[in-house]
Amino acid sequence: MIPRPASLLCLATLLLCGANVSAAFPAPSRDDPACSAEDRVFMARAYELARYATTHGGGPFGALLVKDGKVIAEFSNCVHSTGDITKHAETGLISAFSPKIDRATFARSTLYTSTEPCAMCCGAICFSGIGRVVYGTSEAPFVSVMGLPADPDPLTSREILRRISPGTKILGPLMEAEGLLIHEAYWPVHPEDVGKS
Ligand SMILES: [Zn+2]
C-alpha cells in the first residue's frame, strides 16, 4: 500500500482546489441514492488518494478495495512516474493485489474509485470478479474539465460492465462536487497530460 498523504498536503490541496472554482466548469450531479453513508466515508478516501497522486507521479485518480468495512488495498494513479499506461488507479490496484487476493474475496469486496472507470479498468474489474464498484465523478463532466468535446455516443462504465461483467454492481456518482474540484485544480494547469493518464 502507499503511505497515507500528509494531512497538511491534503489541506493545501483542498485550498488550492477551492481557489480554482470557475463558473465555466460543469455542475456536479446528484449522488446515486443507492449509495450508503459508509460509501461516502470510503469515497472520501478515494479522493484523498486522487489528490496524493497529483504530487506523486500520476493523474488525479485514486482507488481502494474494501471488504467487510475494512480497506484491503489502495492505489493511486502513477502513469507518469512509471511510464506504464496501465497504471490507472483501478487497473493498477487489481494488477498489484490480485496475486495476493483470491477471487472469493474480490467478489465480496467493493472497489471505490474517484472517477468513473475507463474501458481498460472495466476489463480488469471484470476479470478480477469484483462484486461491487462505486465511482465518485462521472466521466462526462470530467471530460469537460479536461477541455475535450463531449462524446456524442458515450459508452458508459455501466454499459460496459452490464455487457462483460453482469455480476458486478456499479453505483455512482457520489460526492461528485469534491471530485470535480480535484480535476478542476489539475487539468487546466496540466494540459500536456490530457489523454495520458
Ligand atoms: Zn482506467
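We did not get these values from a lab; they are worked out from the coordinates using the rules stated. What you see is a predicted model; the values in this text were computed from it and never measured. Heads up, the Cβs are rebuilt from the backbone with ideal geometry, glycines too, and the neighbour counts pull from every protein chain shown.
Test Ile182 against the criterion of being assigned to a helix (DSSP H, G or I), closer than 15 Å to Ala46 by Cβ and more than 14 Å from the ligand (Cβ to nearest atom), and give yes or no.
So Ile182 passes the test.
Collect the residues in segment 122-142 that are over 24 Å from Pro33 (Cβ atoms) and either out of contact with any Phe, Trp or Tyr (no Cβ under 6 Å at 6 or more places or on another chain) or not in a helix (DSSP H, G or I) (or both), keeping them in residue-number order. Let's see the steps before the verdict.
Taking segment 122-142 as the starting set, the residues that turn out to be over 24 Å from Pro33 (Cβ atoms) are 123-124, 126-129.
The answer is Gly123, Ala124, Cys126, Phe127, Gly129.
Name every residue in segment 159-176 that is surrounded by 16 or more Cβ atoms within 10 Å (Cβ to Cβ) and not in a loop (DSSP other than H, G, I, E, B), in order of residue number. Even if it seems obvious, please write down each step before you answer.
First, pick out the residues of segment 159-176 that are surrounded by 16 or more Cβ atoms within 10 Å (Cβ to Cβ): 160-161, 165, 168, 170-176.
Scanning segment 159-176 gives Ile160, Leu161, Ile170, Leu171, Glu176.
Looking only at segment 89-98, which residues are assigned to a helix (DSSP H, G or I), more than 13 Å from the ligand (Cβ to nearest atom) and small (Gly, Ala, Ser)?
Within segment 89-98, just Ala96 meets the criteria.
Of all the residues that make up segment 117-143, how many are near the ligand (Cβ under 10 Å from one of its atoms) and surrounded by 24 or more Cβ atoms within 10 Å (Cβ to Cβ)?
Final tally of qualifying residues: 4.
If a residue must be part of a loop (DSSP other than H, G, I, E, B) and buried (at least 19 other Cβ atoms within 10 Å of the Cβ), how many such residues does segment 107-116 contain?
To start, the set of residues in segment 107-116 that are part of a loop (DSSP other than H, G, I, E, B) comprises 108-109, 116.
The next check asks that each one be buried (at least 19 other Cβ atoms within 10 Å of the Cβ); those that pass are 109, 116.
Qualifying residue count, segment 107-116: 2.
In segment 128-175, which residues are over 12 Å from Cys118 (Cα atoms), of a type in the set (A, V, I, L, M, F, W, C) and out of contact with any strand residue (DSSP E or B) (no Cβ under 7 Å at 6 or more places or on another chain)?
Correct list: Val145, Met146, Leu148, Ala150, Ile164.
Of everything in segment 99-116 that's over 13 Å from the mean Cα position of the chain (by Cα) and among the small types (Gly, Ala, Ser), which residue is nearest to the ligand (Cβ to nearest atom)?
This residue is Ser109.
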